[in-house]
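Beneath this line is the structure, given in structure tokens, with notes to follow.
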Amino acid sequence: MKRVVITGLGIYSCLGKNIEEVKDSLYNGKSGIVVDENRKTLGFRSYLTGMVERPNLKGMLPRRMRVSLPEQGEYAYLSTVEALKMAGMDQDYLDTHETGILFGNDSSAKSVIEATDTLREKKDTTLLGSGSVFQTMNSTVTMNLSTIFKLKGVNFTISGACASGSHAIGMGYLLVKNGLQERVICGGAQEINMESMGNFDALSAFSIRMDDPAKASRPFDKDRDGLIPSGGSATVIIESYESAVERGATILGELIGYGFSSNGAHISTPTMEGPARAMELALKDAGIDAGEVDYVNAHATSTPIGDMNEAKAIYEVFGKSNPLVSSTKSMTGHECWMAGASEIVYSMLMMQHSFVAPNINLENPDEDSQKLNLAAKTVDKNIDVFLSNSFGFGGTNAALIVKKIK
């Protein structure tokens, strides 16, 4: 079995368009949540969202590549460019070294809606354009990026609801660990457009605290009233330890554990047992005790039942050692398919710069959350090992553990 290390990080989120901006937002507890007035026109119950600026890739990519990219594909391109640069992998390197790509993505709604609207209005499929089919497929991110970067390794998309990004990194980890790939570009991408979020809003799962957007996302707080949709993209470059050492790469951390499970219960209501099992399996895979984990990045989205059951699960696994816990979704909102990847990036930044980002808006922890060592403010602390949780509809659970290389 090979050791699996992280050598590159890239991010494009509502906390910033690059690693440096995001690091500052995390440390300062800065929220990226805003009110999107346009959502009123579609009859949304909640107008809140994490917002990022749509990038202009003209001059960065030729038109024939741009027309195939949907919104989340544009975000993914930018986060991957940043991650590859950090990892020291230029196009010459990718051309001569087999490199795979695995991304978490579970929708491309806007592209599908726009194509359907055009077809219904014009009654002519030729007017949909040559890039439409590549924008609408769930595998849009990996099919586009593998073409742009001329990748020769593993190439597919993982759709695991809001654990998609985490499972993508986990599957990449397993491929490298077992010697099937030397290096894999992993990540998660999420479209932010309002069209993609209407059916979520229909569940009444979103916060309606629209008078103060920055305080609307309240994981573990007794007064939480729902999650806030968000998005963007995050990229994590993983490779074998031998590959990184051979090319003199800076090793940022080592992936040592991946645990996964299914609740086998309600399609949208989380349980305590499933997440606890995923965390325990991640610890077993890593070969460490719960007491060795310094920080837990919680999935906690700010929903009443979800946060409660995760708090119970974390206490079940880590109650004796009591590591610091926070949910960066208090600042970002729920980045959905991207979240599992972005929260690895966020936690890696905390590890690199020795701090735990705050669980903002935690004013009145509920009964179960009071048992956890929640960081309501930024804590300056050395992190040697962290665990990151991601859970999703259908009861899919993932937990990843990363260790600092000393």
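DSSP beta bridges in region 173-289, what fraction antiparallel, as a percent rounded to 5?
90
Evaluate the distance, in nm, between pseudo-label points positioned 7 Å from the Cα of residue 126 and of residue 156 along their respective Cα→Cβ axes.
3.7
Filter the DSSP H helices in the chain by two things, a Kyte-Doolittle mean of at least 0.0 and an axial alpha-carbon span of 15 angstrom or more, and list the hits by number.
Helix filter hits for the chain: 164-177, 304-318, 339-353.
Treating the beta-carbon of each Lys and Arg as +1 and of each Asp and Glu as -1, no other charges, what is the dipole magnitude of the chain about its Cα centre, to the nearest 20 debye?
On the way: 39 positive and 48 negative charges, 110 e Å.
It works out to roughly 520 debye.
Between region 296-323 and region 15-37, what is the C-alpha centre distance in whole Å?
One Cα centre to the other: 24 Å.
Tell me the mean residue ellipticity at 222 nm calculated for the chain from its helices only (DSSP H runs of n ≥ 4, each -39500 (n - 2.57), averaged over every residue, nearest 500).
It lands at -10000 deg cm²/dmol.
At a Förster distance of 25 Å, what's the computed FRET efficiency of residue 367 paired with residue 203, Cβ-Cβ distance as r, to 0.05?
The calculated FRET efficiency here is 0.50.
Which far-off residues, 5 or more places away or on another chain, put their amide H under 5 Å from the one on residue 374, with H placed in the peptide plane?
For residue 374, whose amide H was placed from the backbone, the distant partners under 5 Å are 325.
Provide the percentage of antiparallel DSSP beta bridges, counting only those with both residues in the chain; round to the nearest 5.
Just about 65 percent of them are antiparallel.
Taking the Cα centre of each part, how many Å lie between region 344-401 and region 125-188?
Distance between centres, Cα-based: 27 Å.
Expressed as a rounded percentage, what relative contact order does region 334-406 have, with Cα pairs under 8 Å and six or more residues apart?
Normalised by residue count, the contact order of region 334-406 is 30 percent.
About its Cα centre, what dipole magnitude does region 1-140 give when the only charges are +1 on Lys and Arg Cβ and -1 on Asp and Glu Cβ, stated in debye to the nearest 20?
Computed about the Cα centre, the dipole is about 300 debye.
Using the Karplus curve 6.51 cos²θ - 1.76 cosθ + 1.60 with θ = phi - 60°, what ³J(HN,Hα) values do you get for each residue of region 389-406, in whole Hz, with x for Gly and Pro?
Those phi angles translate into 9, 8, 10, x, 3, x, x, 7, 10, 9, 9, 10, 10, 10, 10, 6, 8, 10 Hz.
Below 8 Å between Cα atoms, with a sequence gap of 6+, how large is the relative contact order for the chain in percent? Write out the running numbers ahead of the final one.
Details: 1084 pairs, mean separation 97.3, N = 406.
The normalised contact order for the chain reaches 24 percent.
Give me the net charge for the shell around residue 150: Cβ to Cβ below 15 angstrom, other residues only, Lys and Arg +1, Asp and Glu -1.
-1
Consider the candidate values (1) 11; (2) 19; (3) 50; state which one is percent of Cα pairs over 40 Å apart computed from the structure displayed.
Computing percent of Cα pairs over 40 Å apart and matching it to (1) 11; (2) 19; (3) 50 gives (1).
Read-outs throughout are calculated quantities, based only on the coordinates presented, and are distinct from any laboratory measurement. Remember, it's a predicted structure, so these values are computed and weren't measured experimentally. Every residue, glycine as well, gets a Cβ built from its backbone with ideal geometry; the counts of neighbours run over all protein chains shown.
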